[in-house]
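The values are calculated or read from the model by the stated rules, or taken from the named source; none is laboratory data. In this text the structure is predicted, and so the values were computed from the model without any measurement. A quick note on method: Cβ atoms are made from the backbone with ideal geometry, for glycine too, and the neighbour counts reach across all protein chains shown. Side chains are part of the model used for accessible areas, which takes the heavy atoms of the whole protein and leaves out ligands, DNA and RNA. Shrake-Rupley method; radii C 1.70, N 1.55, O 1.52, S 1.80 Å.
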Amino acid sequence: MKISKRINDVKVSPVRKLLPYAEKAVRNNKKIYYLNIGQPDVKTPNEFFEAINNYSIETLGYCHSAGRKELLDTISNYYKENDLDYRKEDILITNGGSEALIFTLMSICDEGDEILIPEPYYANYNSFFSMLQIKVNPISTCAESGFHLPNLKQIESSITTKTKAILISNPGNPTGTVYTQEEMERLIYIAEKYDLFIISDEVYRDFTYGNNKAISFGIYTSIKDRVIIIDSISKRYSACGARIGAVISKNKEFINAIYRLCQARLAAPTLEMVGAEALYKVSNTYLEEVKAEYEKRKNVLFKELSSIEGVIASEPEGAFYTIVKLPVDNAEKFIIWMLTEFDVDGETLMITPAEGFYATKGMGVDEVRISYAIREEDLRRAMNILRLALNEYSSNSTNSLKVAKLN
Ligand SMILES: Cc1ncc(COP(=O)(O)O)c(C=O)c1O
């Protein structure tokens, strides 16, 4: 017996790859600050649990494959309040944004088709691409320019006749970049010129800082047939475990196609849909408070990072991640060293090597993704550990370090 080649091509997530080292460190009584995960520590609003507790049924049956009607109406209202005209029939409920993405890619790509995407990008996209035998057309971006998009010519040079769609996470995981209106219009120009779908992953839409604002591709009604929005309650309402997301589009042909996949997997979970309905109705104050909390953490993180010699960090504009260049030759080796050989009073740090967020070989080797979904005081401690770790690593002659100072 043999398992498939397709599954062998699915890579281990870079976020989880180093977990065995962390587990061993914990067994050796080290305390670890986990800055590697995208799971918010913020409390899920009580409304979620109350709605489920108050929902009384005798038999927990399958729901409609498109999702609970009440939830579809609620999401449509939420969009209306955000000046986006999406009706119930434009929305399908999925098991998280992840299933929305898999179903979307499956509905628009055949084996060998290609997706245009700025790198670094959310590493699980790679799993989706390899399970569907989709190729990546990476648009390379870099820390020095805050991971904003290159010029039109550079983007166009990545397109081939097999390119079917642009996939963009805005605000970006893992970069924290929020695309400007001009950048979005550049992508729209390209989508129209090369006849591409735009898959707009907007699961971090609410978390933008300073003057940055995440513009939804949904506002561009002239290209409404090209736009597919991926939504989720995981991050917005700190409800990752509920597994409720949505795929949203005005393109009827696309919605009809993807609905077949929704039917094949029968339904999304009923109780979580009941809870999700309550979440989409929570007051804006909740989101404003959560956003303010992330913004505080972002400020702490960026200030600390900027003061560490040799580190190149751009100020995060949204979401709760950032990609940082470290003065080390290989970030993965450095992280393993921190977990196995280093601690400050019994404490160390877990961050994610960034190489796995790139499609282009050799990129991101000296970079890490840092998630700031943890408390401010823990972030400060963690950054102090990073500073001391870099000092010690660089003074150890067996660790091959970059000689040149990077900034
Ligand atoms: C950019 C992005 N898209 C989609 C997802 C999927 O989230 P979920 O399946 O929990 O809705 C995540 C999760 O981290 C993400 O970072």
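Collect the residues in segment 124-139 that are among the β-branched types (Val, Ile, Thr) and open to solvent by 30 Å² or more (accessible area, probe 1.4 Å), keeping them in residue-number order. Steps first, please.
So the first thing to find is which residues in segment 124-139 are among the β-branched types (Val, Ile, Thr), and the list is 134, 136, 139.
Answer for segment 124-139, where residues must be among the β-branched types (Val, Ile, Thr) and open to solvent by 30 Å² or more (accessible area, probe 1.4 Å): just Val136.
Only one residue in Ser76, Ser65 is without any contact (Cβ under 8 Å) to a residue 40 or more places away in the chain, farther than 30 Å from Thr322 by Cβ and assigned by TED's automatic domain parsing to the domain that holds Ile215, so which one is that? Give the steps one after another, and end with the answer.
Details: Ser65 fails: without any contact (Cβ under 8 Å) to a residue 40 or more places away in the chain.
Ser76 is the lone residue from the list that is without any contact (Cβ under 8 Å) to a residue 40 or more places away in the chain, farther than 30 Å from Thr322 by Cβ and assigned by TED's automatic domain parsing to the domain that holds Ile215.
Which of the following residues is free of Cβ contacts under 8 Å to residues at least 40 places away in the same chain and open to solvent by 60 Å² or more (accessible area, probe 1.4 Å): Ser200, Ser283?
Values: Ser200 fails: open to solvent by 60 Å² or more (accessible area, probe 1.4 Å).
Going through Ser200, Ser283 in turn, just one is free of Cβ contacts under 8 Å to residues at least 40 places away in the same chain and open to solvent by 60 Å² or more (accessible area, probe 1.4 Å): Ser283.
Tell me the residue from Ser283, Ser314 that is touching a Gly at 6+ places or on another chain (Cβ under 7 Å), of a type in the set (S, T, N, Q) and modelled with pLDDT under 95, please.
Numbers: Ser283 fails: touching a Gly at 6+ places or on another chain (Cβ under 7 Å).
Checking each option against the conditions leaves just Ser314.
Across segment 62-95, what is the number of residues that are part of a loop (DSSP other than H, G, I, E, B) and open to solvent by less than 40 Å² (accessible area, probe 1.4 Å)?
Adding up the residues that qualify gives 7.
Checking the structure you have, find out if any residue of segment 227-247 is surrounded by fewer than 19 Cβ atoms within 10 Å (Cβ to Cβ), basic (Lys, Arg) and modelled with pLDDT of 95 or more. Break it down into steps so the answer makes sense when it comes.
Filtering segment 227-247 for residues surrounded by fewer than 19 Cβ atoms within 10 Å (Cβ to Cβ) gives 240-241.
Pick out the ones that are also basic (Lys, Arg) and you get none.
No: segment 227-247 contains no residue that is surrounded by fewer than 19 Cβ atoms within 10 Å (Cβ to Cβ), basic (Lys, Arg) and modelled with pLDDT of 95 or more.
Would you mind finding the one in Arg205, Arg186 that is within 16 Å of the ligand (Cβ to nearest atom) and of a type in the set (Lys, Arg)?
Checking each option against the conditions leaves just Arg205.
When segment 32-61 is examined, which residues are found to be open to solvent by less than 100 Å² (accessible area, probe 1.4 Å), in contact with a Ser or Thr (Cβ under 8 Å, 6 or more places away or on another chain) and under 28 Å from Ile258 (Cα atoms)?
Gly38, Gly61
I'm told Asn36 meets every condition in (1) within 16 Å of the ligand (Cβ to nearest atom); (2) modelled with pLDDT of 95 or more; (3) not aliphatic (A, V, I, L, M) except one. Can you identify the failing condition by its number?
(2)
Consider only pairs whose beta carbons are under 9 Å apart and that are at least six residues apart or on different chains; among these, list those whose first residue lies in segment 1-27 and is touching a residue at least 40 places away in the same chain (Cβ under 8 Å) and whose second residue is assigned to a loop (DSSP other than H, G, I, E, B) and open to solvent by 100 Å² or more (accessible area, probe 1.4 Å).
Lys17/Lys11
Could you figure out which of (1) open to solvent by 40 Å² or more (accessible area, probe 1.4 Å); (2) more than 16 Å from Ile75 (Cβ to Cβ); (3) within 16 Å of the ligand (Cβ to nearest atom) isn't true of Lys224?
With respect to (1) open to solvent by 40 Å² or more (accessible area, probe 1.4 Å); (2) more than 16 Å from Ile75 (Cβ to Cβ); (3) within 16 Å of the ligand (Cβ to nearest atom), Lys224 is out only on (3).
Phe254 versus (1) away from the ligand (no atom under 16 Å from the Cβ); (2) surrounded by fewer than 17 Cβ atoms within 10 Å (Cβ to Cβ); (3) at pLDDT 95 or above: which is the lone unmet condition?
(2)
Is it the case that Glu183 is part of a helix (DSSP H, G or I) and within 24 Å of Phe320 (Cβ to Cβ)? Talk me through it step by step, then tell me what you get.
On the way: part of a helix (DSSP H, G or I): yes; within 24 Å of Phe320 (Cβ to Cβ): yes.
Against the criterion (part of a helix (DSSP H, G or I) and within 24 Å of Phe320 (Cβ to Cβ)), Glu183 qualifies.
Does Leu339 qualify as being more than 24 Å from the chain's Cα centre (by Cα), in the same structural domain as Lys291 (by TED's automatic domain parsing) and either surrounded by 24 or more Cβ atoms within 10 Å (Cβ to Cβ) or on the phi < 0 side of the Ramachandran plot (or both)? Before the answer, list the steps.
Values: more than 24 Å from the chain's Cα centre (by Cα): yes; in the same structural domain as Lys291 (by TED's automatic domain parsing): yes; either surrounded by 24 or more Cβ atoms within 10 Å (Cβ to Cβ) or on the phi < 0 side of the Ramachandran plot (or both): yes.
When the stated conditions are applied, Leu339 passes them.
Yes or no: Met106 closer than 29 Å to Ala264 by Cβ, at pLDDT 95 or above and not polar (S, T, N, Q)? If you could, list the steps in order and put the result at the bottom.
Details: closer than 29 Å to Ala264 by Cβ: yes; at pLDDT 95 or above: yes; not polar (S, T, N, Q): yes.
Yes, satisfied.
So, Leu105, is that one away from the ligand (no atom under 16 Å from the Cβ), under 14 Å from Ile168 (Cα atoms) and surrounded by 19 or more Cβ atoms within 10 Å (Cβ to Cβ) or not?
Answer is no for this residue.
Exactly one condition in (1) assigned to a helix (DSSP H, G or I); (2) assigned by TED's automatic domain parsing to the domain that holds Glu272 is false for Pro20; which is it?
Only one criterion in (1) assigned to a helix (DSSP H, G or I); (2) assigned by TED's automatic domain parsing to the domain that holds Glu272 is unmet by Pro20, namely (2).
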